1. Calculate the spin-label point distance for B:Lys193 paired with A:Asp53, positioning each point 7 Å from the Cα along the beta-carbon direction, and give it in nanometres.
2. In the stretch B:85-153, what is the volume of the convex hull around the alpha carbon atoms, normalised per residue and reported in Å³?
3. Roughly how many nanometres apart are two label points built 7 Å out from the Cα toward the Cβ at A:Ala248 and B:Thr275?
4. To one decimal in nm, how far is A:Asn34 from the same spot in the other copies, if labels go 7 Å from Cα toward Cβ? Please give the shortest first.
5. Between chains A and B, what is the buried accessible area summed over both chains (1.4 Å probe, protein heavy atoms, nearest 100 Å²)?
6. Would you list which aspartates and glutamates come within 20 Å of A:Lys43, measuring only between C-alpha atoms, while excluding same-chain residues fewer than 8 positions from it?
7. Picking from B:Thr196, B:Pro297, B:Ala262, whose Cα lies most toward the positive end of the charge dipole for the stretch B:175-302 (charges on Cβ: Lys, Arg +1; Asp, Glu -1)?
8. For B:Lys68, go through the lysines and keep the ones whose alpha-carbon is under 24 Å away, minus same-chain ones fewer than eight residues off.
Protein chains: 2
Amino acid sequence: MDQVTTDTPRRQPTLDEVAERAGVSRSAASRVINNAPHVSRAKREAVRRAVDDLGYVPNATARALATKQAGSVVLAISGDDPAMFADPFFAEVVVGVNAVLEETDLELMLSLATSTRGQARLEQLLRTHQAGGVMLMSLHGDDPLAALAQQASVPVVFGGRPLNIEARYYVDADNRGGARLATEHLIASGRRKIATITGRIDEGAGIARLQGFQDALAVAGLDNSLVEPGDFSEDGGGTAMGRLLDRAPDLEAVFIASDQMAIGALRTLARAGRTVPGDVAIIGFNDIPAARHTTPPLTTVNQPIEALGREMARMLLSLMSGKEPSPLILPTRLIHRDSA
Amino acid sequence: MDQVTTDTPRRQPTLDEVAERAGVSRSAASRVINNAPHVSRAKREAVRRAVDDLGYVPNATARALATKQAGSVVLAISGDDPAMFADPFFAEVVVGVNAVLEETDLELMLSLATSTRGQARLEQLLRTHQAGGVMLMSLHGDDPLAALAQQASVPVVFGGRPLNIEARYYVDADNRGGARLATEHLIASGRRKIATITGRIDEGAGIARLQGFQDALAVAGLDNSLVEPGDFSEDGGGTAMGRLLDRAPDLEAVFIASDQMAIGALRTLARAGRTVPGDVAIIGFNDIPAARHTTPPLTTVNQPIEALGREMARMLLSLMSGKEPSPLILPTRLIHRDSA
DNA sequence: TGGTCGACTGGAAGCGCTCCCGGTATCCGG
DNA sequence: CCGGATACCGGGAGCGCTTCCAGTCGACCA
């Protein structure tokens, strides 16, 4: 009974109703809602009163249609594996993005553009102007999305510098610097026979980390031929480590382009009877939570993931407000634990 | 030069333009876009041709305004810690949700309703009808959002059964059953002096896991007074374990309501010179990735997180299409590793 | 005191789409 | 050959909001 009378599915009140109740024109009401000038103090207050009497909330859709600007931005994760997003990395990015979006009144749409269907949906999203801007992450080499986004009519910022196109706006972590730091640390500890397991070399991060590795070896004048390709996965790291052991049973250290792979590598190392860091020193990359719990705890390079999210969002915001931000490279740093 | 002429920022073509070019009325054009009946084969084709000549894409906002139904749903995570979303748990939920949404043409909005600001934003989202439905997760006891969502005018499904309100639509994991399973396993292995570290007992999952623990102890006729409150965090688990050791130095097993806490507990156990599972057996909950890499690898109870996401989305979809789905409880299962 | 200026005000024209509805052409059985 | 279904078709009225614009009305200066 009460139910029925009290929360009868009342339509949301419209601006007209507010205006009528306040005894002003719709235009006037609109002005006070958007607190624009040119409305007398009296009317302004009348409208405000009407607004909370009625519990009025502006209809975002109508507003978007009228102003031709969407109230949301999208964070798109591109890739080929549907479950890739499960990587805690992205969750942290989201937290960062959210932190800055929360200050605005933009909503966040998430688009997992894995699968052809997903990509089509993202394209749709870009073209329908449903969103006011896009943050695009983790596309590999020949990702068609990059080009597509590039020519979209909304602002786009890339997370990680894309390789196949000339991106103007991106924020990236200093992957190359971090890899170099790690490798230098290995060298400084007296190791000479140093290998690497790379990430996917069709991704910017994978390439950059390999370059950093080579940089360090070059200045030290060391052999840099000991590289095995990986794919960022635990299993991939394990088998790559196996190949490395075959090629160079006497290796002393390996820089591994992701912690996941490092975990796999640790496992095959243990199986092969090698001690870490006694026989071989290991340094990973990413500083994932699990890295603290491996045996031994993994020395790794940390990147400011949440900051990356924050900066992407900030960059997009400034782009959307007509500015022309510069690309940003975020610092990485070595986390000393026990594996090196 | 080329630039300027080729991608001059052409406005997206409108339905009127398509209609004109195809030589039909706007209504007819609309019909073929939404492939509704009552349009001749000839016109239908003319329109289709015009559509891809012009590269027409319907404006989602206008459509939403006209039909009064939004093209998106929101996944809201409520809580008090802004970084809580970083828990890989949610990422996996998102993957599940995305999987089913991908089949539709609904977009996913993410709302991290941590912080007062965030909650206000979510409330806004609910009231402006920007979204066609909501999936709400992880609210603790007195979460105002639950009530708010309940009286929202859009369909709501809860992830995890909320405690302070009578929810009609929710999907949850069988936390109680899982906890019971774990505890029974402990008992079956011959342990008698069994303790638990609970999760937050203002959350449904926390309570249910405690109940499952007590269930098992009750049927075995064992003492169930050894419970220490935790908060789902690693540190919380560590200190709770400390308190347990003080209270009952001779305890033989402990069921811990989350892997994070179990990791903390493992650490203080090691510091106290206790071996696992020799001196004390440990079982965690959640089966997080890091649980495979602790020493010893953690026996834990797994819940089908991605499925939880999928089912929430499915339930929301059916709700939105006017059906009346029943609540769903997803099975949990024990993962045998080495800590028990 | 006439004229000018600027702060207000509300009417009205959209934004791009859907969908109701009255109207015309076509086709069928009887 | 005729009445009435049945397939099409396009006009037009919105959806709820913003924003341009022409018009009021005091205030203020010379």
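The values are calculated or read from the model by the stated rules, or taken from the named source; none is laboratory data. These figures come from a predicted structure and were not determined experimentally. Glycine also receives a Cβ, built like all others from the backbone with ideal geometry; neighbour counts cover every protein chain displayed. Surface accessibility is based on the protein's heavy atoms, side chains included, excluding ligands, DNA and RNA. Shrake-Rupley method; radii C 1.70, N 1.55, O 1.52, S 1.80 Å.
1. The two pseudo-label positions are separated by 7.1 nm.
2. Normalising the Cα hull of the stretch B:85-153 by residue number yields 95 Å³.
3. Output for this residue pair reads 3.9 nm.
4. For A:Asn34, the other copies' label points sit at 2.8 nm, shortest first.
5. Details: alone 17070 and 17100 Å², together 29790 Å².
The contact between B and A buries close to 4400 Å².
6. Candidates past the 8-residue exclusion: A:Asp16, A:Glu17, A:Glu20, A:Asp52, A:Asp53.
7. Of the listed residues, the answer is B:Pro297.
8. A:Lys68, B:Lys323
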